[in-house]
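Below is one structure, written out as structure tokens, with a few remarks after it.
The values are calculated or read from the model by the stated rules, or taken from the named source; none is laboratory data. Keep in mind it's a predicted model, so treat the numbers as computed, not measured. All Cβ positions, glycine included, derive from the backbone under ideal geometry; neighbour counts span all protein chains shown.
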Amino acid sequence: MGGIGFKKSFLNAAMRGSTLVSKFLLLLVIARVYSVGEVGVYGLIFSLVSLFVYLLGLQYYNVSGRNLAGAAGVQRKGIWLVRHFNVVLSVLVFAPLILLVPLFYYELRGYAFVIFFLLLTEFCAGEFYRILIYFEKQIHASVLLFLRNGLWIWIFVIWIFVEDYFWGSFPDIRYLYYLWMTGGVLALLLGIWFLGKYRIYLLKVRFLSFRSLFYEAKSSFNFFISALSQRLIFTLDKYFIVLSAGVELTGVYTFYVGIAASVNSFMDAGVYSIYYPRLIKIVKQSELFVKEFKRFKKIVIGVSISIFLIYGLMIFPVLKFTGDSLYKEYLPLFILVMMAVTVLNLSRIYHYMLYIKREEKYILRASVINVIVFAVLALPMAFAFNVYGVGFSLLFSFTLLFYLKKIYSKRNG
């Protein structure tokens, strides 16, 4: 049994690790193989789909997940029904809105169907992933995650190198989006099969409570606005740049922000996912909680600074690999966005404190102020200083977010 458990744990870690690495690898490869403009279009599509996935989810899963921790049996199933009833409503209302964006950006007009299809597959596969996590099917959830965000990337990267080696050419970048859609469809179909196999039937009308429906919607609003605010910043930045400086500089910005944003994935996997559940469990044990929170804080600071220094050294061989002089010309931008992402991760120390203490209104307040300040500052800065203006705005707004959450956390800690 011990050997089987170890194999499952190793397989789970291997799939998650390869998924994390694949995103980083994809960015490097497309930066080397395709034009800066094509990388820019990829950045616009990726950020738009990611934003609307948040919009459709409405962050109900945060409230549902916290409530599920103390629920069982019929109550547990009831929470899940309310969750998915709300999700269906949000999909019907918000999903078609994504089709309006290509009407205003000519760079995306040939990708309207691709964007809409990616949104549906990414969102639905993500929902199945969360269902499997909450019903303690971690290995199955990792398989879905690997299909959605890992396997298709490895196939595309291998395809590029094989075609280059034998024929001296590269596949059209549209095949990237086709493979991305295929990965989402496969994850979706496998997710349906997993739910059927383990009899995770969620839609049972007798569990529906409109009182619970209203509670879930009301409680999730703070999480929804908070998460959407951050996602909105990482979408507006690229669209401000394409308006002010064109799709090529959007590609440069996408490249550097994509590298910097990979820090968040490593922090989630290596720090937050480990310490956050423990902090929730011991929140009522005041002395132990204070001790563990200080430890958590030191680890986040230490890991964030270490990653900043490692990435600072790593960027030079990465730029040599891409071989495009435009990326090298805007190297200072990388320092700006790395500083911004580092400050963002430091702000999550106080974010988790507020969340654990159920002070979501302060998370909401800080997030709304943050996105308003960014939007007001970044657009004129983009026209005045192109990508550097947006990079500075990112750093300024995340620094403000850090201090707001710190102040609110100290005041209510």
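For this structure, a couple of remarks:
- Residue list for the range 262-273, restricted to those being of a type in the set (A, V, I, L, M, F, W, C) and farther than 15 Å from residue 347 by Cβ: 266, 269
- Subset of the range 331-349 that is farther than 27 Å from residue 296 by Cα and free of Cβ contacts under 8 Å to residues at least 60 places away in the same chain - its residue that is surrounded by the fewest Cβ atoms within 10 Å (Cβ to Cβ): 332
- Exactly one residue among 293, 392 is surrounded by 17 or more Cβ atoms within 10 Å (Cβ to Cβ), under 24 Å from the mean Cα position of the chain (by Cα) and of a type outside the set (Ser, Thr, Tyr), and that residue is 392.
- Test: residue in the range 69-89 that is surrounded by fewer than 20 Cβ atoms within 10 Å (Cβ to Cβ), among the hydrophobic types (A, V, I, L, M, F, W, C) and at pLDDT 80 or above: no
- Of the residues making up the range 350-370, those that are surrounded by 21 or more Cβ atoms within 10 Å (Cβ to Cβ) and aliphatic (A, V, I, L, M) are 353, 354, 363, 366.
- Flag if residue 29 is surrounded by 16 or more Cβ atoms within 10 Å (Cβ to Cβ), in a helix (DSSP H, G or I) and at pLDDT 90 or above: yes
- Of the helices (runs of 4 or more DSSP H) lying entirely inside the range 112-227, the ones with 1 or more residues being buried (at least 19 other Cβ atoms within 10 Å of the Cβ) and modelled with pLDDT under 80 are found at 112-134.
Yes/no matrix, rows are residues, columns are (1) within 20 Å of residue 26 (Cα to Cα); (2) of a type in the set (S, T, N, Q):
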residue	(1), (2)
258	yes, no
261	yes, no
265	yes, yes
271	no, no
281	no, no
291	no, no
303	no, no
306	no, yes
311	yes, no
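- Of the set (1) in contact (Cβ under 8 Å) with a residue 40 or more places away in the chain; (2) touching a Phe, Trp or Tyr at 6+ places or on another chain (Cβ under 9 Å), all apply to residue 304 but (2).
- In the range 300-316, the qualifying residues are those that are β-branched (Val, Ile, Thr) and surrounded by fewer than 16 Cβ atoms within 10 Å (Cβ to Cβ), and the one that is farthest from residue 256 (Cα to Cα) is 301.
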